[in-house]
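Here's the structure, in structure tokens; my notes come after.
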Amino acid sequence: MNKTQWVSVILTLGLILLLYFGFDTKPKEQEAIEKSRAFMTESTDIQVLVKDAKAEIGISKLGEILRTEEQLQEALTDSTKVDLYKSLSGAWYDQKQYAISGYYAQQVAEILQTEESWSIAGTTYTISLQRSEKEKARDFSARRSVQAFESAISINPENTAHQVNLALVYTLQPPKENPMKGIQMLLGLNKEQPENVLVLVNLGRLAIQTGQLDRAEERLLKAVELEPDNQGANCLLVKVYQEKGETDRAKTFDERCAALL
């Protein structure tokens, strides 16, 4: 019985409010329709992205992609599909269509179900978040990157890199209900693992972006102390000291950075 039917037989406001706030009266058929619509929207999104991208690329590359798509339709084994999905992901990546590249990387992960394949999909979507010029490509990638890294975490919760990558997605595309979610996740990881260099480097990078140079310096110097040859920490310290006007120290870390490239 749905909410309208209940209202017709229950006349007291208290019971109506109890029904409205206390119970889920949405029919299962309606839930199924909503899930179907969500799936259709996701499918439409990728179809629109692919259609638009195909209109922008050269004929030779388009021909290569179309041939691979035809082969994919005829593929009978998962191993063949994986190879073809990888080929399409690489082809679209070369065309700087990172959202589509991520989609095909995700298809690989759906078959393989390994933390590495999910991490690759998530990373590709994150690159789309950073580099795609079209808003619909970034929106598509934001949702998918979260799903991919969460899948990697579910397979191996001990791998901090997956948690860091998920946090970075939230810093790139902050949730409206919690804009600080990404930085809060990183700070939580730092509290749990105060000597984790990956966490320190990313906190240092974010501190630079927000103008907290002293905090960035503290974290990055600690990272270098723990891992002297860490390229990210050494190179980010160049920017810190340039911003602070400490040219001698900037030069020192610039030399270290160049040696590690």
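The values are calculated or read from the model by the stated rules, or taken from the named source; none is laboratory data. Fair warning: this is a prediction, and the values are worked out from it, not measured in the lab. Note: ideal-geometry Cβ built from the backbone for every residue, glycine included; neighbour counts use all protein chains shown. Just the protein is used for accessible areas: all its heavy atoms, side chains included, with ligands, DNA and RNA removed. Shrake-Rupley method; radii C 1.70, N 1.55, O 1.52, S 1.80 Å.
Hand me the GluC sites (Glu not before Pro) from the stretch 63-133 located in a DSSP loop with no more than 13 other Cβ atoms within 10 Å, in residue order please. Passing both the DSSP loop test and the Cβ count: 133. Short-range pairs are left out: with C-alpha atoms under 8 Å and at least six residues apart, the relative contact order of the stretch 185-261 is 23 percent.
Separation of the stretch 66-129 and the stretch 142-161, taken as the distance between their Cα centroids, equals 17 angstrom.
Rolling a 1.4 Å probe over the protein chains gives residue 255 an accessible area of about 110 Å².
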